[in-house]
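First comes the structure, then the notes that go with it.
Please treat every number below as a calculation from the coordinates, not as lab data. Computed from a predicted model, the values in this text were never measured in an experiment. As a convention, Cβ positions derive from the backbone with ideal geometry for all residues, glycine included, and neighbour counts pool all protein chains shown.
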Amino acid sequence: MRHRVSNATAALVGAAGATAVAFGAFGAHALRNTLDASALATWHTGVEYHFWHALALLATCLLPASRARQVAQSAFALGILFFSGSLYALALGAPRWFGPVTPLGGVAFIVGWLALGFALRANRD
């Protein structure tokens, strides 16, 4: 069954997946001799969450359009930006005040998963 996906959502899904791969490669190659082990681990955590939630964004496209699907998509995108983005910044030496941004992204991920669950439940006919 095909479900309509907006051009913006399609671009978001593609960009999220592509940047996850690019940031993973960048961390593995360009940063490997630049950052210490702790910073590399932080970078790697950002990439893992980025990638998993790019896939979660893709999964939302398999559902019919609904408010819950829209909330899930927005929350996953914000989670990638705030959670992974703050970890990337911290790994590269951003000021410590950047740290509290990370849990905001984590909350967005949780909201995204809950909204995805609601969207799946509404679609179970």
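Details
- Neighbour counts of C-beta atoms inside 10 Å place Leu120, Leu12, Leu57 in the sequence Leu120, Leu12, Leu57, starting with the fewest.
- The label point for His3 and the one for Glu48, both projected 7 Å from the Cα toward the Cβ, are 2.8 nm apart.
- Scalar couplings 3J(HN,Hα) for the range 34-50, obtained by applying the Karplus form with A = 6.51, B = -1.76, C = 1.60 to θ = phi - 60°, are 9, 9, 6, 4, 5, 5, 5, 5, 4, 4, 4, 4, x, 5, 4, 5, 4 Hz; x denotes Gly and Pro.
- Value of Rg/Rh across the range 21-68 [Cα atoms, Kirkwood radius]: 1.21
- Ordering of 25-33, 100-108 by burial proxy (mean other Cβ atoms within 10 Å per residue, highest first): 100-108, 25-33
- Rounded to the nearest 20, the Cβ-based charge dipole of the chain about its Cα centre (Lys and Arg +1, Asp and Glu -1) stands at 400 debye.
- Whole-Hz Karplus values for the range 7-21 come out as 4, 5, 5, 4, 5, 4, 4, x, 5, 4, x, 5, 5, 4, 5 Hz, taken residue by residue from phi with 6.51 cos²θ - 1.76 cosθ + 1.60 and θ = phi - 60°; glycine and proline positions read x.
- Structural descriptor for the range 41-125: relative contact order 37 percent, calculated from alpha carbon pairs under 8 angstrom and at least 6 residues apart.
- Full-stretch length increase - Leu114, Leu58 - with 0.36 nm per residue and alpha-carbon distance subtracted: 18.6 nm
- Ser74, Ser86 arranged by Cβ crowding within 10 Å, fewest neighbours leading: Ser74, Ser86
- Label separation (Leu40 vs Ser66): 4.4 nm, computed from points 7 Å beyond Cα along the C-beta direction.
- Correct choice for Rg/Rh (Cα atoms, Kirkwood Rh) that was computed from the model, options [x] 0.93; [y] 1.04; [z] 1.09: [y]
- Taking Gly112, Gly99, Gly46 as the candidate residues, the one with maximal mean-square fluctuation in a Gaussian network model of the chain, Cα springs under 10 Å, is Gly99.
- A simple rule links phi to the HN-Hα coupling: the Karplus curve 6.51 cos²θ - 1.76 cosθ + 1.60 with θ = phi - 60°, which for the range 95-106 gives x, 4, 5, 5, x, x, 5, 4, x, 4, x, x Hz, with x for Gly and Pro.
- Mean sequence separation of contacting Cα pairs (under 8 Å, at least six apart), scaled by the length of the range 9-87, corresponds to a relative contact order of 37 percent.
- Measuring max minus min along each principal axis, the C-alpha atoms of the range 52-125 give extents of 49, 17, 14 Å (largest first).
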